[in-house]
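K.L.:
Take a look at this one; I'll ask things after.
Every number here is computed from the coordinates shown, using simple stated rules; none is lab data. No experiment lies behind these values; they were computed from the predicted model shown. Positions of Cβ are generated from backbone atoms using ideal geometry, with glycine treated the same way; all protein chains shown enter the neighbour counts.
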Amino acid sequence: MKLYLIRHGQSTHNANLDIPHNPDPPLTELGQIQAQATATYLKTQGLKPDATYISPQTRALQTAYPTVSRLGLHPIVLPDICETGGLREHTGLTRSQIEEQFPGVIPVPAITEKGWWHRGLADEEERAFYARAESMRQYLMDTYLGTGAIVLLVTHGRFGSALVTTILGLTPAGYSRYPFDNCGITRIDFDPHEEVAYGPPPADLSVPLAVRLRFHNDVSHIPPELRS
């Protein structure tokens, strides 16, 4: 399995333009340009994901959609990869709003006409969002390990950092052990141990697996003056 993680483009919250505060901020004009640049880059690289997952937050959907359109994808919209803290007291876009605004995406059944966020404030606690990251790691392993699949996740900076931390088997370390810039791309490969190592795997490995961080937070596809 080859896993690509992409953080959303610049949002109005990132640019300090949310006055009053918007619990589900959209992309700025710059963020939209970053999203288009990311889509162009992925297409020119010939990336053909076997599976794509998008956070249901507006900024992630807006970031992913140019890539979805250009590559002809039918991604799954998955609340489990939303940002830490979720939407606090708000419930988020409804199923019909997502389907109308982003044709071709597939919301999971948990996204209804009542929205998708119903967890309250507890998910701001470190133990809660790391547990969510571990659940996503296990889902990816159970679903794609050994398949050679290319999997694309469009998510958020803090949750992305927690997910990378969890995949690499490290202990929780707050929000930003592996910080992401807007539209930064990270790739992690899951390979059979014998394909990448010089010697046999340690005897205590239940699954002889090499997890390799190939690169983190690559923004080379974004012109320097457009990075944020």
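K.L.:
So for the pair SER135, ILE76, with labels modelled 7 Å out along Cα→Cβ, what separation do we get in nm?
P.N.:
1.4 nm
K.L.:
What distance in nm lies between label points placed 7 Å from Cα along the C-beta direction at LEU47 and LEU213?
P.N.:
Between LEU47 and LEU213, the simple spin-label model gives 1.8 nm.
K.L.:
If I fit a long axis through the Cα atoms of helix 126-144 and take the longest principal axis of the Cα atoms of the chain, what angle between them do I get, 0 to 90°, rounded to 10?
P.N.:
Roughly 60 degrees, rounded to the nearest 10.
K.L.:
Given the Cα-Cα distance of GLU225 and ARG187 and 0.36 nm per residue of separation, how much length would full extension add, in nm?
P.N.:
Stretched fully, the GLU225-ARG187 segment lengthens by 11.3 nm.
K.L.:
Let me know the shape class of segment 94-152, please: from the alpha-carbon gyration tensor, a ≥ b ≥ c as square roots of the eigenvalues, rounded when a/c is under 1.5, otherwise prolate if a/b is greater than b/c, or oblate.
P.N.:
The shape class here is oblate.
K.L.:
Report the percentage of all Cα-Cα pairs in segment 2-226 whose separation exceeds 28 Å, rounded to a whole percent.
P.N.:
Pairs farther apart than 28 Å: 27 percent.
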